[in-house]
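The values are calculated or read from the model by the stated rules, or taken from the named source; none is laboratory data. Keep in mind the model is a prediction, meaning the values are calculated, not measured. Note: ideal-geometry Cβ built from the backbone for every residue, glycine included; neighbour counts use all protein chains shown. With ligands, DNA and RNA removed, areas are computed over all heavy atoms of the protein, side chains included. Shrake-Rupley method; radii C 1.70, N 1.55, O 1.52, S 1.80 Å.
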Amino acid sequence: MFIKAVFRKWVWLMAVREMRRGLKPLLLSMLCVILGVLSVVVAFSFRDNVTSSIGLQSKSLLGADLALDSRQPFTSEDEALIRSLGGDQSRQIGFSSMAYFPANGQSRLVQVRAVSGKFPYYGALETEPASAVDNLREGAKALVDENLMLQINARIGDRVKIGEHEFQIAGKLRKIPGEPVAFSLISPRVYVPMTYLDGSSLLQRGSLVRYRVYFKFDPKVDVDQLVLRIAPQLQRLDLRADTVARRMEAISTSVENLSRYLRLAVFIAVLLAGVGVASGVHVYTKQKTPAVAVLRCVGASPAETVIVNLIQVLIVALAGSLTGAGLGVVLQSLLPLAFKDFLPVTTSLSITTSGVWVGMAIGLGTAVLFSLIPLVPLRKISPLRALRSSYETAQTLKDPLLWLVFSLIAAAITGFGIATTASWFYGICFAAGVITVFGLLVAVARGLSNLIRRFMPGFLSFPWRQGLANLYRPSNQTTAVMLAIGLGTFLMVTLYNVQSVLLNQVQERAGAGEPNLVLFDVQKDQRQGVEQLFDSFHIRVRDEVPIVTMRLAAVKNIPVETLRRDRTAKIPDWALRREYRSTYRSRPRETERIIHGAWQGRVDSDAQPIPVSLEKGIAETLRVHIGDSLQFDIQGVSLLTQVASIRQVEWQRLEPNFFVVFPEGALENAPQFYAMVARTETSGVSASLQRAIVERFPNISVIDLTLVLNTLDSILGRVSAAIRFVALFTVFTGLAVLASAVLSSRGQRVKESILLRTLGAPRWQIVTSIVAEYLFLAVISCMTGAVLATLASWGLSLYFFRTVAAISLTPMLVILVAVTAGTTLAGVLGCWGIFQRSALESLRAES
């Protein structure tokens with residue numbers, strides 16, 4: 001029936017004729033469509049543009065054609081393989097070290113990169129001045145991360161001491177090929193010439209160092225085929241190869257994950273735009289009810305009356321989609337600009353037809369589905385409505401066709417979630433979360449109207465009671481406004497709460513009495529000197545942890561080399577080839593809990609196999625259980641162990657935690673270094689202690705929890721700012737829905753105000769009732785959104801972050817006050833000018 005009605009000529013002629021009589025409510029809905037389509041086009045264009053940029057700048061992601069790296073110094077066999085590959089070669093040694101700046105007496109833990117050769121071959125180290133890279137090869141010069149220089153107020157020309165050498169800062173390091181700027185916040189980079197590493201005492205036993213050689217080959221060389229050919233040698237020598245193709249694949253995966261989040265986030269704005277469309281169409285159909293009844297009187301079928309109005313909605317939605325797509329193309333630089341600190345490439349912009357078409361399809365589909373909610377009841381209108389306006393009231397909630405529309409909307413949300421996340425589970429979870437939030441907001445809006453209708457507070461004055469009564473008057477927009485305000489509040493409060501949870505996880509570890517300073521790479525002959533240094537500052541060493549580096553040789557009697565070749569083993573390569581830093585002690589720590597097996601605290605020195613305790617995550621990764629064997633290699637000495645217990649570890653604590661813990665009596669004679677844990681009460685004492693450590697023991701690295709907190713705060717601030725920027729798409733769409741709801745009910749308010757004025761009500765009472773309506777609506781909407789955000793934050797904290805929820809009261813109150821004030825102001829401005837129409841004019845319009 002509906003399909004036949006679409007192809008009838010008079011239906012289209014009637015739709016066009018009816019459009020001449022006024023489309024103001026639909027034009028307001030078109031604004032929502034424009035914002036929804038704009039957000040989708042921007043999000044989808046982001047993925048296409050970044051992916052295209054990665055392809056164009058592929059070689060600059062690595063800076064070379066091939067990179068080989070090792071955790072150990074290159075052996076003679078390694079060097080022979082490297083020489084046989086030929087090409088232009090450059091070397092780099094990367095490690096963590098303390099950098100001391102004599103000009104201001106500050107020190108920082110940095111990532112030192114000692115370089116030789118012409119790297120990077122593709123792209124460039126962006127520095128200030130641009131000639132600083134060339135100056136690096138002229139002597140004891142250094143390039144220092146720009147963010148670090150800003151933090152400690154260092155200048156070009158100052159000195160920086162690393163190990164036993166002092167370097168002159170030749171320039172600020174702004175960007176490294178293939179590395180996001182945000183990396184500098186986590187680990188500031190300092191580039192120095194490799195020739196100055198000799199005799200620096202920085203590379204001690206146990207130091208975590210990466211040795212890397214970069215290659216530039218003739219363009220005719222197929223690098224991927226070359227890597228496949230030498231793969232057996234690389235595996236035997238424990239060398240890792242990195243190519244342009246592999247780097248592109250890894251970065252593309254990260255970009256795709258980010259893009260999925262963005263698409264899910266802007267889809268919330270699209271759904272909210274659908275609510276705006278439904279709100280505008282609802283008001284429009286109320287105005288068209290007499291015309292629909294007349295059409296029924298002259299013989300139009302119920303399906304034809306619906307199609308006439310649906311065609312009008314489609315025309316307006318198409319115009320809105322085209323406008324939104326055009327604006328999306330113009331504004332597609334917004335997301336790359338917001339996420340520029342987290343992207344490894346400079347994004348080049350181009351018109352992506354796929355993003356435009358998808359945006360228009362989603363916009364049109366959403367507009368049609370949500371417009372059907374108020375359009376479907378039109379088929380229930382009786383011809384008698386043309387004679388008696390109060391003849392019947394449609395029971396929309398009992399209409400099976402309306403429930404079919406709701407089911408189609410739910411199916412569309414679920415389908416989009418599954419298609420975007422590429423997972424049935426996460427897609428269904430996304431759909432369930434969205435439907436739950438929308439459903440709760442609608443339920444609160446409906447419940448509020450019914451509650452006020454039944455229990456109107458009698459102690460309130462007339463204007464305030466009138467304002468409350470407006471929440472359930474005919475053609476009210478309570479539900480639309482609740483969704484717009486509540487959803488916006490929900491998103492913003494949730495973001496602030498999540499940021500607080502992450503910060504509190506670290507801040508809790510800096511509480512009274514908790515360690516806040518950790519020293520790594522303390523050699524055996526340095527222990528006494530470090531302890532004396534602590535004593536001179538009246539600081540007690542809380543703990544002294546021995547660390548032994550080792551590699552995994554076999555899992556359950558199967559050699560690691562065999563497991564790495566076996567594609568069915570399902571053990572990640574990183575777990576098999578990584579360097580394990582282990583310790584030994586007689587009892588578990590407070591940060592550990594035995595969940596399987598029994599702890600073994602001490603064994604004889606000749607015990608075989610040695611009972612060890614594994615952390616839960618690494619045990620699952622290696623696929624081992626209680627009683628399984630693991631064989632380790634310590635500088636050529638084989639050590640057979642057996643899993644005796646499995647531990648749950650609190651990794652958030654600022655103290656050394658380990659994958660593998662041995663009992664006492666097993667590793668005392670093995671080569672080892674130490675980590676020391678202490679607490680300083682003031683930042684001044686901490687800075688002085690770190691300066692003294694750097695001057696006397698340059699190989700020792702210091703982690704200061706205060707700096708960790710500042711770094712985390714800075715990173716989360718940038719991440720939150722970018723995420724809040726994405727949330728603005730939803731907020732702006734919510735404002736459009738709010739404006740649409742206010743302006744759509746303007747005609748009803750004009751009639752109410754004229755009636756009240758006719759009955760003798762002064763202007764201040766009418767204005768007060770409008771303020772009261774939107775004040776009540778905003779407060780209730782904000783409170784509902786805040787409560788839902790609190791529940792969401794609690795769920796994320798408990799099940800995702802595994803910590804106690806942290807509620808940001810101050811930002812929450814600021815958001816509530818700002819949104820409430822903005823909503824009230826919007827309501828008042830939307831009714832501006834209602835006193836300019838005379839009562840006689842309104843009465844004549846009604847007659």
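When the accessible area of segment 581-698 is split by element with a 1.4 Å probe, what percent falls to carbon and sulfur?
Numbers: 2340 of 5210 Å².
That fraction is 45 percent.
So for each of 543-551, 63-71 I average, over its residues, the number of other beta carbons within 10 Å; can you give me the resulting order with the highest mean first?
On the way: 543-551: 18.8, 63-71: 21.2.
Highest mean packing first, the order is 63-71, 543-551.
Per residue Cα convex hull volume for segment 397-482, in cubic angstrom? Could the numbers behind the result be given before it?
On the way: hull volume 9.9 nm³, N = 86.
It comes to 115 Å³ per residue, whole-number rounded.
Taking N as the number of residues in segment 227-310, what value does Rg over Cα atoms divided by 2.2 N^0.38 Å take?
Values: Rg = 29.6 Å, N = 84, 2.2 N^0.38 = 11.8 Å.
Normalised Cα radius of gyration, segment 227-310: 2.50.
Past the 24 angstrom mark, what percentage of all C-alpha to C-alpha distances in segment 571-694 do you count? Kindly include the intermediate steps, with their values, before the conclusion.
Values: 2660 of 7626 pairs.
Looking at segment 571-694, the distances longer than 24 Å represent 35 percent of pairs.
I'd like to check one number: the per residue accessible area of segment 24-67, probe 1.4 Å, reported in Å² as a whole number. Mind dumping the intermediate values first?
On the way: 1110 Å² over 44 residues.
The answer is 25 Å² per residue.
Using every Cα-Cα pair within segment 268-339, state what percent have a distance larger than 21 Å.
That fraction is 45 percent.
How big is D for segment 626-692, in µm² s⁻¹ as a whole number, if Stokes-Einstein is applied with the Kirkwood radius of its Cα pairs at 10 °C and 1.306 mPa s? Don't skip to the end; give the middle numbers.
Details: Rh = 15.6 Å.
Value of D from the Cα-based Kirkwood radius: 102 µm²/s.
Quick one: how many Å² of I558 are accessible to a 1.4 Å probe, rounded to 10?
It works out to around 70 Å².
I'd like to check one number: the per residue accessible area of segment 135-178, probe 1.4 Å, reported in Å² as a whole number. Don't skip to the end; give the middle numbers.
Values: 1860 Å² over 44 residues.
With the other protein chains kept in place, segment 135-178 gives 42 Å² per residue.
Using a/c under 1.5 as the rounded threshold, could you call segment 43-122 rounded, prolate or oblate? The axes a ≥ b ≥ c are square roots of the C-alpha gyration tensor eigenvalues, and prolate needs a/b larger than b/c, oblate otherwise. If you can, show how the numbers build up before the last one.
Values: a/c = 2.61, a/b = 1.11, b/c = 2.35.
Because a/c hits 1.5 or more and a/b fails to exceed b/c, segment 43-122 counts as oblate.
Could you work out the mean projected area of the convex hull around the alpha carbons of segment 168-287, in square nanometres to one decimal? Before the final figure, lay out the partial values.
Values: hull surface 63.1 nm².
Result: a mean projected hull area of 15.8 nm².
Might you tell me the accessible area per residue for segment 586-643, computed with a 1.4 Å probe and given in Å²? Spell out each step's value before the answer.
Numbers: 3180 Å² over 58 residues.
Ligands and nucleic acids excluded, the figure is 55 Å² per residue.
Can you tell me how segment 72-178 classifies by the Cα gyration tensor, rounded, prolate or oblate, using a/c under 1.5 as the rounded cut?
Numbers: a/c = 2.43, a/b = 1.66, b/c = 1.46.
Prolate is the answer for segment 72-178, as a/c is 1.5 or above and a/b outweighs b/c.
Pairs of lysines 8 or more apart, or on different chains, with alpha carbons under 24 Å: count those in segment 87-239, would you?
Lysine pairs, 8 or more places apart or on different chains, close enough: 11.
What's the ranking of 237-245, 809-817 by average number of surrounding C-beta atoms within 10 Å, highest first? Don't jump to the answer; show the numbers that get you there.
Numbers: 237-245: 17.8, 809-817: 14.4.
Top to bottom by mean Cβ count within 10 Å: 237-245, 809-817.
Where does each of 601-611, 659-669 land if you order them by average Cβ count within 10 Å, highest first?
On the way: 601-611: 14.2, 659-669: 18.9.
Result, highest mean Cβ count within 10 Å first: 659-669, 601-611.
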